[in-house]
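*Asks:* Got a structure here, written out as structure tokens. Questions coming.
The values are calculated or read from the model by the stated rules, or taken from the named source; none is laboratory data. Because the structure is a prediction, the values reported are computed rather than measured. Because the Cβ atoms are built from the backbone with ideal geometry, glycine has one as well, and the counts that use them run over all protein chains shown. For the accessible areas, the whole protein counts, side chains as well, though only heavy atoms, and no ligand, DNA or RNA atoms are used. Shrake-Rupley method; radii C 1.70, N 1.55, O 1.52, S 1.80 Å.
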Amino acid sequence: MRRHRIAVIPGDGIGREVTPAALEVLEAAGRAHGFELETTEHPWGCDYFVEHHRMMPPDALDTLSTTDAIFLGAVGRPDVPDHISLWGLLIPIRRTFRQYVNLRPVRLWPGIPSPLKDVTPEQVDMVIIRENNEGEYSEIGGRLHQGTDDELAVQEAIFTRRGTDRIIEYACQLAATRSGRICSATKSNGIIHTMPFWDERFAHATARHPELKAEQVLIDALAAMVVLDPGRFDVIVGSNLFGDILSDLAAAVAGSIGIAPSGNLNPERECPSMFEPVHGSAPDIAGQGIANPIGAIWSGAQMLEHLGEAEAAAAVLDAIERMLADDGPRTRDLGGTATTAEVASALAGSFRIA
Ligand SMILES: NC(=O)c1ccc[n+]([C@@H]2O[C@H](COP(=O)([O-])OP(=O)(O)OC[C@H]3O[C@@H](n4cnc5c(N)ncnc54)[C@H](O)[C@@H]3O)[C@@H](O)[C@H]2O)c1
């Protein structure tokens with residue numbers, strides 16, 4: 001029996017509902033495919049912060065460093081400022097473990113209506129590669145003269161050659177395994193230092209991949225195009241901020257943010273990678289048992305693939321596809337009435353039959 005050691009951080013809000021639901025499905029897949037997930041749950045997040053004044057204990061990163069992967073729900077609570085939850089847990093994990101690729105696949109599953117008219121599943125099948133370690137999300141900057149009329153805030157964006165090249169190269173290599181189309185999200189008309197640099201590095205990387213059909217599009221126009229003509233896109237690579245916004249937009253085009261997955265990858269595998277749904281803790285629906293667990297389950301499938309369990313990962317995606325196409329249970333965000341637990345148990349059940 002193969003074993004994989006997984007650190008589980010359910011976090012806050014619906015993170016605590018979708019995480020156990022996803023684990024039920026992943027464990028069922030493990031039983032059917034000959035492996036076991038050895039999970040250790042960590043009660044870190046905003047509740048932990050309220051009690052301990054920090055989002056996770058001082059040795060948390062050491063604890064996580066010995067695992068094969070990290071499986072996260074979501075963090076965020078209305079009475080804890082979002083920059084505390086983000087910078088106290090998510091960002092330290094992503095940066096310490098050099099998880100510089102944020103891989104966000106977007107698909108319109110058969111059986112799910114897109115809010116866009118006349119869009120078919122064949123037209124919405126893309127991967128957004130978001131730079132995950134630098135860019136606009138930087139600690140460099142500050143505030144002066146707070147509370148006065150002279151108040152000011154400065155925020156520096158950081159784009160290094162190493163960081164920019166490695167994310168674009170990752171996206172190029174991925175595009176080469178798919179349709180060969182790659183699009184870079186830019187804003188070099190308005191942001192005059194970092195974005196022309198980004199464009200230069202994109203041109204440099206794609207020149208070494210003549211097999212690719214490369215284009216770069218200004219992020220504002222790109223946002224409109226993803227809505228008006230999603231079929232045009234396959235692999236899109238963007239900075240930390242652009243990739244973040246674009247992946248929520250693309251997830252909405254694919255029917256719901258509740259189904260969108262993400263992997264925070266350290267491609268060199270020197271450190272554990274982390275897998276989490278794109279959505280947040282959704283305080284508006286937390287505690288009701290109606291959150292869609294598919295984003296977490298799909299993220300779990302990404303984790304299985306990363307752990308070398310490609311067959312099981314494909315089987316989880318197959319089970320999701322069949323359930324949705326066959327009019328199986330779906331949660332309220334997809335127009336259904338099923339609970340989180342009902343969706344998970346339908347998917348886990350498909351492995352028991354197999
Ligand atoms: N990675 C993370 O942990 C992460 C990501 C985004 C936001 N957040 C945090 O989450 C909190 C809430 O943020 P937000 O409201 O901007 O984003 P959100 O993703 O939590 O919710 C946005 C909307 O989508 C709905 N939604 C989200 N996930 C759903 C699901 N699985 N099923 C059904 N509906 C779903 C919510 O009900 C809400 O109406 C904030 O504290 C924010 O900082 C955390």
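*Asks:* Evaluate the following for T67: is it farther than 18 Å from P283 by Cβ, open to solvent by 10 Å² or more (accessible area, probe 1.4 Å) and not in a helix (DSSP H, G or I)?
*Replies:* In short, yes.
*Asks:* If I ask for residues that are away from the ligand (no atom under 11 Å from the Cβ) and either out of contact with any Lys or Arg (no Cβ under 9 Å at 6 or more places or on another chain) or not β-branched (V, I, T) (or both), which ones from the range 63-86 would you list?
*Replies:* T63, L64, S65, D68, A69, I70, F71
*Asks:* If you take the residues in the range 1-21 that are out of contact with any Ser or Thr (no Cβ under 7 Å at 6 or more places or on another chain) and of a type outside the set (S, T, N, Q), which one is nearest to I84 (Cα to Cα)?
*Replies:* So, considering only residues that are out of contact with any Ser or Thr (no Cβ under 7 Å at 6 or more places or on another chain) and of a type outside the set (S, T, N, Q), the one nearest to I84 (Cα to Cα) is I9.
*Asks:* Here is a follow-up. Quick check on the range 218-227. Is at least one of its residues in contact with a strand residue (DSSP E or B) (Cβ under 7 Å, 6 or more places away or on another chain) and of a type outside the set (A, V, I, L, M, F, W, C)?
*Replies:* No, that holds for no residue.
*Asks:* Please give the number of the condition W44 fails out of (1) crowded, with 19+ Cβ neighbours inside 10 Å; (2) in a helix (DSSP H, G or I).
*Replies:* Single failed check for W44: (2).
*Asks:* Just one of D318, D327, D284 is outside any helix (DSSP H, G or I), open to solvent by 50 Å² or more (accessible area, probe 1.4 Å) and free of Cβ contacts under 8 Å to residues at least 60 places away in the same chain; which is it?
*Replies:* So the residue among D318, D327, D284 that is outside any helix (DSSP H, G or I), open to solvent by 50 Å² or more (accessible area, probe 1.4 Å) and free of Cβ contacts under 8 Å to residues at least 60 places away in the same chain is D284.
*Asks:* Name the residues in the range 241-294 that are of a type in the set (S, T, N, Q) and either farther than 30 Å from S188 by Cα or away from the ligand (no atom under 13 Å from the Cβ) (or both), would you?
*Replies:* Of everything in the range 241-294, those that are of a type in the set (S, T, N, Q) and either farther than 30 Å from S188 by Cα or away from the ligand (no atom under 13 Å from the Cβ) (or both) turn out to be S256, N266, S273, S281, Q288, N292.
*Asks:* Which of the residues spanning the range 109-134 are out of contact with any strand residue (DSSP E or B) (no Cβ under 6 Å at 6 or more places or on another chain) and among the polar types (S, T, N, Q)?
*Replies:* Selection gives S114, T120, Q123, N133.
Quick grid of which residues meet (1) of a type in the set (A, V, I, L, M, F, W, C); (2) part of a strand (DSSP E or B); (3) in contact (Cβ under 8 Å) with a residue 60 or more places away in the chain; (4) open to solvent by 30 Å² or more (accessible area, probe 1.4 Å):
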{"position": "G30", "(1), (2), (3), (4)": "no, no, yes, no"}
{"position": "V50", "(1), (2), (3), (4)": "yes, no, no, yes"}
{"position": "M55", "(1), (2), (3), (4)": "yes, no, no, no"}
{"position": "T63", "(1), (2), (3), (4)": "no, no, no, yes"}
{"position": "F71", "(1), (2), (3), (4)": "yes, yes, yes, no"}
{"position": "I93", "(1), (2), (3), (4)": "yes, no, yes, no"}
{"position": "Q99", "(1), (2), (3), (4)": "no, no, yes, no"}
{"position": "N102", "(1), (2), (3), (4)": "no, yes, yes, no"}
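*Asks:* Determine the pairs where a residue that is at positive phi, located within the range 10-25, has a partner that is outside any helix (DSSP H, G or I) with Cβ atoms under 6 Å apart, the partner being 6 or more residues away or on another chain.
*Replies:* G11/G45; G11/G73; G11/A74; G11/V75; G13/S281; G13/A282; G13/P283; G13/A286
*Asks:* Moving to a separate point now. Residues A319, A301: which one is within 21 Å of the chain's Cα centre (by Cα) and away from the ligand (no atom under 16 Å from the Cβ)?
*Replies:* Of the residues listed, the single one that is within 21 Å of the chain's Cα centre (by Cα) and away from the ligand (no atom under 16 Å from the Cβ) is A319.
*Asks:* Of the residues that make up the range 327-343, is at least one in contact with a helix residue (DSSP H, G or I) (Cβ under 8 Å, 6 or more places away or on another chain) and under 22 Å from V226 (Cβ atoms)?
*Replies:* Yes, there is a match, as at least one residue in the range 327-343 is in contact with a helix residue (DSSP H, G or I) (Cβ under 8 Å, 6 or more places away or on another chain) and under 22 Å from V226 (Cβ atoms).
*Asks:* Being of a type in the set (S, T, Y) and in contact (Cβ under 8 Å) with a residue 40 or more places away in the chain is the filter; apply it to the range 105-155 and report the residue that is farthest from I167 (Cα to Cα).
*Replies:* Going through the qualifying residues, I end up with S114.
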